[in-house]
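Quick notes on the structure that follows.
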Amino acid sequence: MTMTDPAPDKTGKNTSLPAEDTKTAKDTALPDLNHGLQIIRDMARRLDTSPGVYRMLGHDGQVLYVGKAKGLKSRVLSYTRANGLSHRLTRMVAETRSMEIITTRTEVEALLLESNLIKTLKPRFNILLRDDKSFPYIMITRDHEWAQINKHRGSRKRKAWWFGPFASANAVNRTVTELTRAFLLRNCSDSVFSARTRPCLQYQIKRCTAPCAGKISKEDYQKQVDQAVRFLNGESRSVQDEFATYMQAAAEELRFEDAALWRNRIRALTMIQAHQDINLPGELNADIIAFTSDSGRSCVQVFFMRNGSNFGNRAYFPRHDKDDEPAAIIAAFIGQFYDDKPPPPDIFVNHAMPEAALITEALSNKAGRKVQISVPARGQRRKLMANAERNAREALARELTASSTQKKMLDAVQELFDLDERPGRIEVYDNSHIQGSHAVGAMIVAGEDGFMKPFYRKFNIDKDKTDTEQTGIGGDDYAMMREVLTRRFSRAIREDPDRETGIWPDLVLLDGGKGQLSTAREVMNTLGITDVPMVAISKGVDRNAGREEFHQTGKDSFNLPHHTPVLHFLQRLRDEAHRFAIGAHRTRRSAAQKSNPLDDIPGIGAYRKKSLLTHFGSARAVANADIPDLMKVNGISQHVADIIYHWFHDKS
């Protein structure tokens, strides 16, 4: 893979096409299509027929679009035919101020890179997969002599057997619980395991064979591990038959307690199969991807089938233009969906894709085995697809209903606060602290699609931080609000002065009263922002929910009737900001409690810290020690003792 932009041309100049320095803010706000077309033509002249990935950049360097090409020159030139472009692509070309090119060895490599860049950069004009959270897996470790079974979410770097993905974390938790009951494997961490000398409660309730205390040999424990792996790999019937044989043998030998244990383990296996709805023929390993659309919105429903077991399903609502074809949306979805997770052997879709062969090759290369993409036409697989399509339609109907309700609430907010238009982005601010310590400011965002969690932000506020007007603002709610809003909108001015990228709010809600509103208005006036509506929400004189007062600059404060729907909507926004602020505060406080004052001292590494704590017993005792006492510690010279002493005693 080779970066070909920026690169020198024959004159030694850079072929990257920079943003126009002569353009004014007004020119930028009204993009010139001909200007964008000329930039693309100039870039195309520098390209050849190599495969690769191209990026369209806006006037301030933000990525507008990422695309891949079998031949870069012809693909980039296709954007210069203005009459053949959709409305979305016309707007994209008009906003283009420069381009970046990456050449690759093959088109497959370009496809994989394109999917990765789209998911990372989230360009405005690409079809985007939203809410792609990591899925939980069942993990049985292979890098420890006593294997551990547990739920795992995140990167799968550890050497282990992986089973999943599961659509529901609750399904994984239930399954792991039943697996420990069936196969008696440990689920404790390696550090806890190495520190134990006696069996824990799991052993007492027959969910572990206590390898930590030597209650089982390595050979017998490995047999349990092998049985669990076989079961999760689809050999459920043979494993269950083995357990039945052991139970029968124990009963015939009058070992009724052992027979009861095997009976309970068989019941656990049955429970696992019941939870996972193992009712499919064969050992199907496939993802079933069903697409449906209505009123310009789309839903992609994914069902996960592993070893004939239904591991659950999840609905996605990708962001795209109304003109995009179903095949293009599914292709973009597949590329981004499998960017960070292994694809199964089979992927079923309900729309044929022109680039199916290319996507199949890319996924096969990524997985290191053959992957097939097909459209089921008959039989059991078609029935599974029909079920997925039905679920997709129902999920989209629910989403459209919720979106319609949300729009009605936003219309009510517009009318309530006399706004010029329906707010597309509402930002809500709140603070959380305990007597000024571990202070955190929080911003949540809501719009037509509900809460927009990827845009949530937290602002850590130092207790001793000094701003231009106040020292020690950690316990001052007004100063904290000033700090948060200054940081938020100063950055917005730097990154998007022309307000083109959608990061500016249409309405700001503050959790507080007239004092917070006055402080916020001071900040905005100082920054030269006078057109962002601001409303403060206080709980009223008796601080009861339903008696909230709303405050706006230059207007009388007012209440709303207790059962007004828009009041409940605004309460939800305020409560979500409160929840997020408290959560951020607790996270910061927990991290501070786990830290050690010795960690920040220059020259004090793990060895010296351990020696100091062993000698003095606590960090507080180290802080109170004088230089001669510090020098008595192994590894602490007079120079280091001076550093430690002055670190604690020279602070103002």
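What follows draws every value from the coordinates through simple rules; no lab data is involved. Just so it is clear, the model here is predicted, and its values are computed rather than measured. In this analysis, Cβ positions are derived from the backbone assuming ideal geometry, glycine residues included, and neighbour counts consider all displayed protein chains.
Modelled label positions at Arg81 and Ala386, each set 7 Å beyond Cα in the direction of Cβ, lie 4.1 nm from each other. The overall shape of the range 136-275 is oblate: from the C-alpha gyration tensor, with semi-axes ordered a ≥ b ≥ c, the ratio a/c is 1.5 or greater and a/b is no larger than b/c. Ranked for footprinting exposure by Cβ neighbours inside 10 Å, fewest first, Leu416, Leu509 give Leu416, Leu509. For the chain, what does the relative contact order come out to in percent, with C-alpha contacts under 8 Å and a separation of six or more? Once divided by the residue count of the chain, the mean separation gives 8 percent. Need the C-alpha centroid separation for the range 399-439 versus the range 598-652, integer Å. First find each Cα centre; the distance between them is then 51 Å.
According to the square roots a ≥ b ≥ c of the eigenvalues of the Cα gyration tensor, what is the shape class of the range 425-592, taking rounded for a/c under 1.5, prolate for a/b larger than b/c otherwise, and oblate for the remainder?
Details: a/c = 1.35, a/b = 1.15, b/c = 1.17.
Note, shape of the range 425-592 comes out rounded.
Note on Gln571/Asn116: beta-carbon distance plugged into 1/(1 + (r/R0)^6) with R0 of 35 Å gives a FRET efficiency of 0.30. FRET efficiency for the Arg105 to Asp496 pair, using the beta carbon distance and R₀ = 25 Å, is estimated at 0.10.
When a/c is below 1.5 the answer is rounded, else prolate if a/b is larger than b/c, else oblate, so apply that to the range 597-649 with a ≥ b ≥ c taken from the square roots of the Cα gyration tensor eigenvalues. Judged from the Cα gyration tensor, the range 597-649 comes out rounded (a/c under 1.5). Neighbour counts of C-beta atoms inside 10 Å place Thr96, Thr177 in the sequence Thr177, Thr96, starting with the fewest.
Going by neighbour counts of Cβ atoms within 10 Å, the residues Ser86, Ser191 line up, fewest first, as Ser191, Ser86. Say the dipole of the chain comes from +1 at the beta carbon of Lys and Arg and -1 at that of Asp and Glu; which of Pro497, Leu129, Ser98 then lies farthest toward its positive end? Of the options given, the answer is Leu129.
Which of Ala377, Pro354, Gly335 sits closest to the plus end of the dipole of the range 335-382, meaning its Cα is farthest towards the positive end, when Lys and Arg get +1 and Asp and Glu get -1 on the C-beta? After comparing all options, I get Ala377. Counting only Cβ charges, +1 for Lys and Arg and -1 for Asp and Glu, the dipole size of the range 597-649 around its Cα centre is about 200 debye.
State to the nearest 20 debye the size of the charge dipole of the chain about its Cα centre, where the only charges are +1 on K and R beta carbons and -1 on D and E beta carbons. Please report the intermediate quantities before stating the final value.
Values: 95 positive and 82 negative charges, 387 e Å.
I would put it at about 1860 debye.
The gain in end-to-end length when the Thr401 to Asn624 segment is fully stretched comes to 73.9 nm, 0.36 nm per residue minus the alpha carbon separation. Simple spin-label estimate for Ala377 and Arg142 gives 3.9 nm between the two label positions (7 Å along the Cα-to-Cβ direction from each Cα). Using the beta-carbon distance between Met631 and Lys609 and R0 = 22 Å, what value does 1/(1 + (r/R0)^6) give for FRET efficiency, to the nearest 0.05? So the FRET efficiency works out to roughly 0.85. Computed 3J(HN,Hα) for the range 211-225, one whole-Hz value per residue from the Karplus formula 6.51 cos²θ - 1.76 cosθ + 1.60 where θ = phi - 60°, is x, 5, 10, x, 7, 8, 6, 4, 5, 5, 5, 5, 5, 4, 4, glycine and proline marked x.
The modelled label-to-label distance between Arg487 and Glu522, using points 7 Å beyond Cα along the C-beta direction, is 1.9 nm. Each of Val413, Val535, Leu396 was scored by the projection of its Cα onto the charge dipole of the chain, and the greatest displacement toward the positive side belongs to Leu396; charges sit on the C-beta of Lys, Arg, Asp and Glu. Rounded to the nearest 20, the Cβ-based charge dipole of the range 136-275 about its Cα centre (Lys and Arg +1, Asp and Glu -1) stands at 700 debye.
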